[in-house]
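**Q** Can you keep this structure in mind? I'll have questions shortly.
The values are calculated or read from the model by the stated rules, or taken from the named source; none is laboratory data. Bear in mind that the values here come from a model prediction, so they are computed numbers and not experimental data. Here Cβ is always computed from backbone atoms with ideal geometry, including for glycine, and neighbour counts include all displayed protein chains. Just so you know, the surface numbers come from the protein's heavy atoms only, side chains and all, with ligands and any DNA or RNA stripped out. Shrake-Rupley method; radii C 1.70, N 1.55, O 1.52, S 1.80 Å.
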Amino acid sequence: MIRYLLPENGNFYKANLHCHTTCSDGRLTPAEIKEAYLKEGYSVVAFTDHDVFLPHGDLRDENFLPLNGFEIEINEENVPHEKRKTCHLCFVALDENERVQPIWHRSAYLFGGAVGHRADVVFDPEVPDFIRVYTPECINEAIRIGKEHGFFVTYNHPVWSLEGFSQYGGYEGMDAMEIQNYSSFVEGYEEHNGAAYDELLRQGKRLFAIAADDNHNAKPLSDPGCDSFGGYIVLKARELTYPAVAEALKNGAFYASEGPEIMELCYDEEKRELRVVTSPAVRIACTTSARSCRAVDLTRNGQTVTGASFTLSPTDGYARITVTDVNGKCAYSNAVFDL
């Protein structure tokens, strides 16, 4: 039996799942974000402004799908900003009709443009304010509530957050983590998190990997330091509709990228063979949970390949693919389990 990790049928759609606008601390309006991302070939943007869950259905057309979401931060207390650890989580609604913001506090945590949008947030008045405390228990409760209310939950930029495995290893239930965060990378952080992703996978957690801009657009779009268009996912969905894209997110029918493409990804269960078809690459690596990682690497002679296959074993635990192009940019598959 062939297990298609990217569906056989459907269309590819480029998506940014982490975006800030003038509704919180971004510099571009939602409409300006739509215009800019459409020009760069994106079909989907999740609007995840800090602390306010706002709908953006007015931006939808046949070529562009806005996803509704928000981001929260849970910070260490009594520690200077430069030193404090923090956990940031994005919540993307899987139902376009969802309007109630969970994990809400009536007076605290809002900043930037979010303050002016307090009155626009819909919340359950019978639910007490969610008090944020930098503990695994509080963070896991936020994840649990988000999932319970039908949100796709991502764990964001651990390097910028100054978190290590002793922190994020205790987080449970998120759907995905950022294997790359472009805004942090532009600022100077080594926000490529393959090792962190593997730490969580080897712990037995099953979660997806996304790349995202986390754009705030403090610099012009033409500036080399602009934090847009550097990290994204490519979804494969039957159509550009909210339900179809939500289904692709839930099923992990996507890969993360900084540039390279993954056109096909499948696992032949009978042969125990993981096969991938890609854009031209100098290296295609297969990472597993065991000491059995391997790669097709043509970096030294400058040649390229457009695919590879890897024979796996049940003792590998899981497998994931990393594709590197001639510019050093990478694409990352989600982990494959049940080998």
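**Q** Return one whole number: the accessible area per residue of the chain in Å², for a 1.4 Å probe.
**A** Averaged over the residues of the chain, the accessible area is 43 Å².
**Q** What is the local net charge at Thr135, summed over the other residues whose Cβ is closer than 11 Å to its Cβ (Lys, Arg +1; Asp, Glu -1)?
**A** Net charge around Thr135: -3.
**Q** Rounded to the nearest Å, what's the spacing between the alpha carbon centres of segment 276-339 and segment 10-31? Just the number, please.
**A** That distance is 29 Å.
**Q** Sum -39500 (n - 2.57) across every DSSP H segment of at least 4 residues in the chain, then divide by the residue count to get the 222 nm mean residue ellipticity, nearest 500.
**A** Numbers: 6 runs with 52 residues, N = 339.
Theoretical 222 nm ellipticity from helices: -4500 deg cm²/dmol.
**Q** Kindly express, to the nearest 10 degrees and within the range 0 to 90, the angle between helix 136-148's C-alpha long axis and the longest C-alpha principal axis of the chain.
**A** 90
**Q** So which lysines can Lys34 reach, going by Cα to Cα under 18 Å and dropping same-chain residues fewer than 8 places off?
**A** Lys34 reaches Lys14, Lys219.
**Q** Of all accessible surface on the chain at a 1.4 Å probe, what whole percent is carbon and sulfur? Kindly include the intermediate steps, with their values, before the conclusion.
**A** On the way: 7090 of 14580 Å².
With neighbouring chains kept in place, the figure for the chain is 49 percent.
**Q** Nothing charged except the Cβ atoms of Lys and Arg (+1) and of Asp and Glu (-1): what's the magnitude of the dipole of segment 220-339 about its Cα centre? Round to the nearest 20 debye.
**A** 300
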